[in-house]
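The values are calculated or read from the model by the stated rules, or taken from the named source; none is laboratory data. Because the structure is predicted, anything quoted here is derived from the model rather than measured. Ideal geometry is used to build each Cβ from the backbone, glycine not excepted, and the neighbour counts take in all protein chains shown. Just the protein is used for accessible areas: all its heavy atoms, side chains included, with ligands, DNA and RNA removed. Shrake-Rupley method; radii C 1.70, N 1.55, O 1.52, S 1.80 Å.
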Amino acid sequence: VFNAKTAELLSHHQVEIQQKFPREGWVEQDPKEILKSVHECVERTCEKLQQLNIPITNIKAIGVSNQRETTVVWDKTTGEPLYNAIVWLDLRTQSTVERLLKRIPGKNKSFFKFKTGLPLSTYFSAVKLRWLLDNVEEIKQAVDEGRAMFGTIDSWLIWSLTGGKNGGVHCTDVTNASRTMLFNIHSLEWDPELCQFFDIPMEILPKVRSSSEIYGLMVCFLKSGALTGVPISGCLGDQSAALVGQMCFQDGQAKNTYGTGCFLLCNTGQKSVFSEHGLLTTIAYKLGRDKPVCYALEGSVAIAGAVVRWLRDNLGILKSSQEIEKLAAEAGTSYGCYFVPAFSGLYAPYWEPSARGIICGLTQFTNKNHIAFAALEAVCFQTRELLDAINKDCGIPLSQLQVDGGMTNNKVLMQLQSDILCIPVVKPSMPETTALGAAMAAGAAEGVGIWSLNPGDLTAVTCERFEPQINPEESEFRYARWKKAVMKSMGWETSEGPSNGNPE
């Protein structure tokens, strides 16, 4: 909960959502658990507000932000999900992608780029939805009987929170729609040709709205009943929300969010710029029904925070995610060890699904501290690759990088990032910019009007700055070694082998 005048965080609560890995390369979440976590967070946040003697009736609008591309299909008559949510970095659709590629002239991955801004990849929702329609009998049946609804997590939440099977609103916003591969980012409508190519029935798709307007009213689930009738009036995919929360409203302003993955977005204003260097063209925001749509160039890295989770849960060399900072600081260097965490293939700028994770440059001297350091360096090198691509596509090099997300609390990481980019890294004192962006969109909506998005009216945010401390030659040498390691990670997996974890 934020103060609409000062953007100050008043109260918050968070719950970690369980990831399920039913087979190698598969990543799922339970849509009901996601909904339950939202209920719990709202409940706890309101309790904390009451402890601060702030009446809950002061809450005037609700914004939703979500991990994009994650795909859910549910039954509109029972309100029940028909399968687990397939998470954005899931790889089960690799064979689906290969099958679809055969139907494209010259097997060109970028065939739909000018309509969608996206390459054909396991990453986007259309191929996940295609897999569900091909493989889950309950979903096929629900579609045939007109009971199925498709959505990304924002749609599932808004529908559930505005009444669900009793009149819930089935909608999404332009930023989430632009990540499905079914949406024309110029006409701002679902594209019949794309739906036909993926063979997806248009009647199961949500209605597309702007990122800031009243979608519906909250139907109460709080014990106190206090939020009934509060408008849900902001909706932005997480990376767009962070761009808004960082106030990157000018052309050429960019932010990098360090979450499970890493996402660097550069605002390109009202023109869509198409990348020659492996970046996506995506919708940044449309802050009102009558407001213009703004676009962004985006570089996506699949594995950032997830590498820390992997060191903790799979290798057991960390007891908690926070511990990596201490281990890396003790090492002070990777001692020539390089870690390419291509667990889900490589995303931007390579789009290479056959890559797999490698740790190389190991010697008898290498210990877990060096591997921890190399893992943090991997996040920084991947960001450097994105920044290089954005600088080439935009022609104006960034003079500083604005950062946010959970990992930015790690000072060793932030200093490393500045050293590897050779530019300052600027972190706002409040790292939850994704939540802030959703709140801003909700508060600024027509009919709510309690939040001004005019940069002049916004209080200056206090920031922490990290300046580069190593010489550029050293930085370039390490970056060149990293590139060499990336080349070694590619072409590892072939679709012929029995071990591709992706049986039809």
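List the lysines whose Cα lies under 19 Å from the Cα of K109, skipping any in the same chain that are fewer than 8 positions away. Result set, ordered by chain and number: K128.
Pairs with C-alpha atoms separated by more than 25 Å, drawn from the list K20/K368; K115/K286; K36/K76; K392/K484, are K20/K368.
Using a probe radius of 1.4 angstrom, the carbon and sulfur fraction of the accessible surface of segment 231-490 is 53%. For the chain, the ratio of Cα radius of gyration to the globular rule of thumb 2.2 N^0.38 Å stands at 0.94.
In a reduced charge model with +1 at each Lys and Arg Cβ and -1 at each Asp and Glu Cβ, the chain shows a dipole moment near 140 debye about its Cα centre.
With a 1.4 Å probe rolled over the protein heavy atoms of all chains, the accessible area of F263, F365 falls in the order F365, F263, largest first. Look at the alpha carbon pairs under 8 Å that are at least 6 residues apart: their mean separation over the length of segment 49-135 gives a relative contact order of 24 percent.
When the GluC sites (Glu not before Pro) in segment 425-490 are filtered for DSSP coil states and for at most 15 other beta-carbon atoms within 10 Å of their beta-carbon, the remaining sites are E446. Under 5 Å from the amide H of I358 lie the amide H atoms of V340, A342, each residue being 5 or more positions distant or on a separate chain, with H modelled from the backbone and absent for Pro and chain starts.
Close amide H partners of Y83, meaning residues 5 or more places away or on another chain with modelled amide H under 5 Å apart, are V73.
The ellipsoid equivalent to the alpha-carbon distribution of segment 327-471 has semi-axes of 34, 18, 16 angstrom, derived from the gyration tensor eigenvalues as √(5λ) and listed largest first. Accessible surface calculations at 1.4 Å, restricted to protein heavy atoms, place the chain at 41 Å² per residue. Here the relative contact order of segment 21-86, from alpha carbon pairs under 8 Å that lie six or more residues apart, stands at 38 percent.
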